[in-house]
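Taking it in order: structure first as structure tokens, then the write-up.
Just so you know, all these numbers are worked out from the coordinates, no wet-lab data involved. Bear in mind the structure is a predicted one, so any value in this text is a computation, not a measurement. Cβ placement follows ideal geometry from the backbone for every residue including glycine, while neighbour counts extend to all protein chains displayed.
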Amino acid sequence: MINNENNQYWKIFYLKNEKDLLKPSLFAKFVLSKLKDGSSLVDIACGNGRDSMFFEENGIKTFSLYNCNIPFFLGKNFIKADALTFTLKADAYYSRFFFHTIIENQLVEFLSNISKNMTK
């Protein structure tokens, strides 16, 4: 289970920065260029869903995963779930800031979970 001590911080962060967090990240734009049309993607630790919404708008079937409720969410398919134990099958898994929040044994568990769920 992911440590939830930072959830309150992120809730406040998204509320304070709502107007600034409507555009997709540069990383999302880069990743989109690597995806095939019609691919499915799980946005892990999706934040406010700005990148999820960007992928959806560009024809990617996107599921947005986060382990806490988000004050405002921009995407369509939000799923409250733990990133280490989710069971969503997809063609791609996307995460911008998740890796630095977990310890090494959790990283191994996370990558194993992705490997089991990857569709291609």
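Report the Cα centroid-to-centroid distance between the stretch 22-52 and the stretch 74-104 in angstrom, as an integer.
Centre-to-centre distance over Cα atoms comes out at 12 Å.
When the chain is fully extended, how far beyond the present Cα-Cα distance does Met118 get from Thr87, taking 0.36 nm per residue of separation?
Working: separation 31, 0.36 × 31 = 11.16 nm, distance 0.98 nm.
This chain segment gains 10.2 nm when fully extended.
Between Asn105 and Lys34, what length comes free when the chain is fully extended (0.36 nm per residue of separation minus the Cα-Cα distance, one decimal in nm)? Spell out each step's value before the answer.
On the way: separation 71, 0.36 × 71 = 25.56 nm, distance 2.88 nm.
So the extension gain works out to 22.7 nm.
Per the Cauchy relation, a quarter of the hull surface: what is the mean projected area of the convex hull of the alpha carbons in the stretch 40-120, in nm²? Working shown, then result.
Working: hull surface 19.7 nm².
Across all orientations, the stretch 40-120 yields a mean hull projection of 4.9 nm².
Where in the stretch 25-120 are there chymotrypsin sites (Phe, Trp or Tyr not before Pro) that are in a DSSP coil and have at most 11 other Cβ atoms within 10 angstrom of their Cβ? Walk me through the intermediate numbers first.
Values: sites: Phe27, Phe30, Phe54, Phe55, Phe63, Tyr66, Phe72, Phe73, Phe78, Phe86, Tyr93, Tyr94, Phe97, Phe98, Phe99, Phe110; in loops: Phe72, Phe73, Phe86, Phe97, Phe98.
Sparse-neighbourhood loop chymotrypsin sites (Phe, Trp or Tyr not before Pro): Phe72.
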